[in-house]
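*Asks:* This structure is in structure tokens; I'll ask about it shortly.
The values are calculated or read from the model by the stated rules, or taken from the named source; none is laboratory data. Computed from a prediction, not measured in an experiment: that's the story for all the values here. Ideal geometry is used to build each Cβ from the backbone, glycine not excepted, and the neighbour counts take in all protein chains shown.
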Amino acid sequence: MATVNDPSRPEGNESDEKPQLSSREYQDSEGYIADANADSRGDLKTAKDGHTVLIPQPSDDPNDPLNWSTTKKHVILFIISFAALLPDYGSAVGAVTLIPQAMIWNMTPDTVNHSQVGNVFMLGVGGIVTVIFSAWAGRLPVLFYFLIIATLTAAWCAAATSFESFMAARILNGFFSTVAQGGGLMFIFDMFFFHERARKINIWAAFFILSPYFGPLIAAFILTTEPWPIAFWVYFVMTALALFATALFVEETYYDRRIPVADQPARGSRIAQVTGIAQFRSRHLRATIGEAFMRSVRTITRPTLLLCCFYYMLTFAWVVGINTTLSIFVTPLYGFGPKQIGFFYFTPVVAAILGEIIGHWLHDMIAKWYIKKHNGHFEPEVRLTAIFFSTPFMIAGLVGLGFALQDAYHFMVTAVFWGLYVFGIMVTTVALNAYNLDCYPTASGEVAAWLNMSRTLGGFIISYFQVTWAEAQGTKISFGVQAAICAFAFLILLIVLVFGKKLRAKSGPLNFSTV
């Protein structure tokens with residue numbers, strides 16, 4: 001990576017100077033030179049267009065993931081994205097099955113929902129553990145072994161015959177299934193350049209934003225003709241598919257470019273990579289388990305990430321809360337059965353896809369516009385301006401949803417308001433991940449894990465009282481308060497947008513012993 005603002009230079013002189021750039025690394029607390037002409041780029045490698053600077057600078061080693069073919073990179077990206085779909089998909093299957101489960105186990109749906117809450121909480125915890133082990137053992141073995149246990153616990157969920165057994169399986173499955181969701185940003189950072197990452201994050205995020213809606217959609221249709229365990233057997237098959245695809249096609253993406261090409265460790269055979277044997281042989285070149293743990297601790301102490309996590313917790317919590325409880329609301333309100341609930345979940349799916357499509361261009365458009373206006377200079381905070389676009393959709397969606405549920409608006413109106421909120425959260429998610437990755441690229445896994453933890457923590461909290469809150473005060477008040485919290489959270493984000501650069505400079509870069 002390269003930076004525009006050298007701390008030793010006075011601010012405001014960037015456009016007056018034309019320094020000769022080099023391929024050395026600068027502090028990641030500063031901005032990037034993302035575009036440079038032939039007179040100023042020095043020995044920096046550029047993309048095929050001749051002026052887009054490649055950040056980070058790739059080595060001359062064909063084994064460097066940055067040098068892999070486009071096809072190979074995208075095969076791995078889509079497998080990682082599919083694996084990232086699984087945890088929220090599996091979690092949300094329970095949002096539909098809790099009603100038949102409650103009937104079988106003679107419990108209230110709200111009580112059965114506690115298994116859902118435990119699962120959601122572990123999605124966040126599992127992400128933190130994932131990146132700690134990945135920094136120590138390598139990306140691929142952690143993905144492989146976690147998916148093995150996720151597959152086994154998915155089968156346990158389907159085979160459970162009591163609530164206690166089912167709840168234990170759900171908690172364990174949440175912990176291990178989140179491996180590609182909590183650590184997916186590591187693979188994107190390893191394989192793609194700075195100017196490519198926003199679009200790749202958009203693809204990865206689209207999978208796990210869509211997943212909580214695909215789960216109930218498919219499960220609801222299954223329940224029209226089959227008992228509830230079949231929905232979880234389908235989830236088991238999907239998890240097994242991700243496991244086999246990982247074993248067959250995913251390669252270890254960790255690569256330390258600070259090590260000379262001649263001294264790079266042997267990559268080993270596919271079996272050696274997948275099982276971790278190859279990574280074990282070169283363990284002295286990566287962080288110790290203690291260092292890996294401290295990476296996560298040091299990352300969350302950075303004020304910009306901490307503020308972003310707080311913002312994300314306050315805005316994404318309602319995604320989980322709505323999704324895990326909506327069937328409880330709409331079943332008596334509209335007389336919906338499983339099939340109608342399934343059709344109802346098409347709305348957020350469409351909304352998330354629209355968010356992915358628009359975000360695919362929006363985030364790049366913002367970055368290119370800023371770079372053009374600032375002589376090739378780019379500041380990470382620019383990523384957050386996309387949230388000015390997404391926030392009105394989130395607030396309007398929550399307010400409208402509250403009115404629609406309490407005043408029994410037509411279900412199509414209810415669906416539209418739900419879709420507005422989901423559309424907004426899709427755009428917001430990409431902006432937050434891209435911003436924090438730009439700020440701390442050497443902590444790609446830790447950044448993703450903490451953001452994932454914050455959103456699941458918010459969902460974990462709201463899932464406990466979403467239904468009782470709405471029943472006590474009405475959905476107008478409960479969803480109105482949620483919208484007000486989103487508006488307040490936006491003020492937090494403004495602090496990051498205005499003061500983020502100074503906060504990053506004051507707290508300093510994350511200089512880890514390994515990337």
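*Asks:* Quick one: is Gly268 buried (at least 17 other Cβ atoms within 10 Å of the Cβ) and without any contact (Cβ under 8 Å) to a residue 24 or more places away in the chain?
*Replies:* Answer is yes for this residue.
*Asks:* Would you check if there is a residue in region 77-92 being in a helix (DSSP H, G or I), assigned by TED's automatic domain parsing to the domain that holds Thr456 and without any contact (Cβ under 8 Å) to a residue 40 or more places away in the chain?
*Replies:* Checking region 77-92: not a single residue is in a helix (DSSP H, G or I), assigned by TED's automatic domain parsing to the domain that holds Thr456 and without any contact (Cβ under 8 Å) to a residue 40 or more places away in the chain.
*Asks:* Among the numbered criteria (1) closer than 14 Å to Ile395 by Cβ; (2) surrounded by fewer than 20 Cβ atoms within 10 Å (Cβ to Cβ); (3) in contact with a Ser or Thr (Cβ under 8 Å, 6 or more places away or on another chain); (4) not β-branched (Val, Ile, Thr), which single criterion is violated by Cys486?
*Replies:* So the condition that Cys486 fails would be (2).
*Asks:* Under 9 Å by Cβ, and 6 or more places apart or on different chains, what pairs join a residue from region 106-117 that is in a helix (DSSP H, G or I) with one that is of a type in the set (D, E, K, R) and modelled with pLDDT of 80 or more?
*Replies:* From region 106-117, the pairs are Ser115/Arg170; Gln116/Arg170.
*Asks:* Same structure, new question: Can you pull out the residues in region 449-482 that are over 23 Å from Gly174 (Cβ atoms), surrounded by 20 or more Cβ atoms within 10 Å (Cβ to Cβ) and aliphatic (A, V, I, L, M)?
*Replies:* Ala470
*Asks:* Oh, and also: Which of the residues spanning region 243-264 are surrounded by fewer than 17 Cβ atoms within 10 Å (Cβ to Cβ) and either without any contact (Cβ under 8 Å) to a residue 40 or more places away in the chain or under 30 Å from Ala154 (Cβ atoms) (or both)?
*Replies:* Once the filter is applied, which keeps residues that are surrounded by fewer than 17 Cβ atoms within 10 Å (Cβ to Cβ) and either without any contact (Cβ under 8 Å) to a residue 40 or more places away in the chain or under 30 Å from Ala154 (Cβ atoms) (or both), region 243-264 yields Phe244, Leu248, Phe249, Ile259, Pro260, Ala262, Asp263.
*Asks:* With the structure loaded, tell me whether Arg455 is modelled with pLDDT under 90 and among the basic types (Lys, Arg) or whether it fails that test.
*Replies:* So Arg455 passes the test.
*Asks:* While we're here: Test Val430 against the criterion of being modelled with pLDDT of 90 or more and buried (at least 23 other Cβ atoms within 10 Å of the Cβ), and give yes or no.
*Replies:* No, not satisfied.
*Asks:* For region 194-248, name all the residues that are farther than 30 Å from Pro58 by Cα and either touching a Leu at 6+ places or on another chain (Cβ under 6 Å) or not assigned by TED's automatic domain parsing to the domain that holds Lys73 (or both).
*Replies:* Matches in region 194-248: Ser211, Thr239.
*Asks:* Right, another one. Only one of Thr151, Thr161 is crowded, with 22+ Cβ neighbours inside 10 Å and more than 25 Å from Cys309 (Cβ to Cβ). Can you tell me which?
*Replies:* After ruling out the rest, the residue left standing is Thr151.
*Asks:* Check whether at least one residue in region 223-236 is farther than 25 Å from Gln340 by Cβ and part of a helix (DSSP H, G or I), and report yes or no.
*Replies:* Yes, region 223-236 contains at least one residue that is farther than 25 Å from Gln340 by Cβ and part of a helix (DSSP H, G or I).
*Asks:* Report whether or not Val382 is surrounded by fewer than 24 Cβ atoms within 10 Å (Cβ to Cβ), within 24 Å of the chain's Cα centre (by Cα) and within 26 Å of Lys502 (Cα to Cα).
*Replies:* Taking the combined requirement at face value, the residue satisfies it.
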